[in-house]
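The values are calculated or read from the model by the stated rules, or taken from the named source; none is laboratory data. Keep in mind that what you see is a predicted model, and the values were worked out from it rather than measured. Positions of Cβ are generated from backbone atoms using ideal geometry, with glycine treated the same way; all protein chains shown enter the neighbour counts. Keep in mind that these areas ignore ligands, DNA and RNA; they rest on the heavy atoms of the full protein, side chains included. Shrake-Rupley method; radii C 1.70, N 1.55, O 1.52, S 1.80 Å.
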Amino acid sequence: KGSSTSRTSVRCSERISGLIGLIDDILDISRMDSGERKFMSTSLLSVAESSLENVRAVAAQKGIELKSDLPERLPEIRALPMRLQQVITNLLTNAVKFTPEGGLVTLRISEEETDLKVEAMDTGVGIPPDELPRIFDDFYRGSNVEAAGAGLGLAIAKKIIEGHGGRIW
C-alpha cells in the first residue's frame with residue numbers, strides 16, 4: 001500500500017508542476033502583450049552560451065550531440081536577456097525533444113547586414129510543411145507530436161522576439 005501511495009503522490013506532484021508551468025507560460029504571454037520592456041545592453045553570445053548549458057545535460061542523456069556555430073564576437077544589443085534566453089532555450093529544448101537518439105542539434109548565430117540571425121537546427125522528425133504557418137499560434141501542437149506540452153512555447157517565443165522588434169520563422 002505504501003508504494004501505491006508514493007506513486008500517486010509523485011503523479012500528483014508531476015501534474016501540479018505541469019499546471020504551474022502552464023500558468024507561467026500564460027503569464028509570460030500576458031507580460032509580453034502588456035509591453036514589459038526594460039531593455040538593457042546584452043551580449044547575445046552570453047545568452048546563447050547559457051541556453052546551450054541549459055539543455056546540455058538533457059541532450060547528453062538522450063545521446064544527442066549538441067553543437068554550436070557562434071562567431072567570436074557580436075555587437076551588444078538592447079534586449080531583455082532573460083527573455084532571449086527563454087526563447088533560445090525553448091528552441092533548443094524542442095530540437096532535443098524531437099530529435100532521435102544519436103541525432104544532432106546545432107545552434108548557429110550569424111550577422112546578416114544589420115540583423116543577427118539565430119538558428120536552431122536538428123536532425124529530428126521535422127514539421128509537416130502544411131503546418132508551418134500555424135506553429136507559432138497559441139496552444140498549437142503539430143499532428144506528428146506525441147511528446148507532452150501545452151503548445152505555448154513557440155507562441156511565447158514569437159511574442160518575445162516580436163517584442164524585441166525581430167521576427168521568427
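Summary table
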| item | result |
| --- | --- |
| Residue check, Leu70 modelled with pLDDT under 90, open to solvent by 30 Å² or more (accessible area, probe 1.4 Å) and of a type in the set (A, V, I, L, M, F, W, C) | no |
| Qualifying residue in the stretch 53-66 (condition: surrounded by 20 or more Cβ atoms within 10 Å (Cβ to Cβ), free of Cβ contacts under 8 Å to residues at least 60 places away in the same chain, of a type outside the set (A, V, I, L, M) and not in a loop (DSSP other than H, G, I, E, B)) | no |
| Inter-residue pairs, beta-carbon under 6 Å, first under 14 Å from Glu49 (Cα atoms) and in the stretch 100-120, second open to solvent by 60 Å² or more (accessible area, probe 1.4 Å) and among the small types (Gly, Ala, Ser), 6+ apart | Leu107/Ser68 |
| Condition met for Arg78 (surrounded by 15 or more Cβ atoms within 10 Å (Cβ to Cβ), of a type in the set (Lys, Arg) and either at pLDDT 95 or above or within 20 Å of Ala157 (Cα to Cα) (or both)) | no |
| Answer residue from the stretch 89-112, given it is of a type in the set (S, T, N, Q) and open to solvent by 10 Å² or more (accessible area, probe 1.4 Å) and is farthest from Arg73 (Cα to Cα) among those | Asn94 |
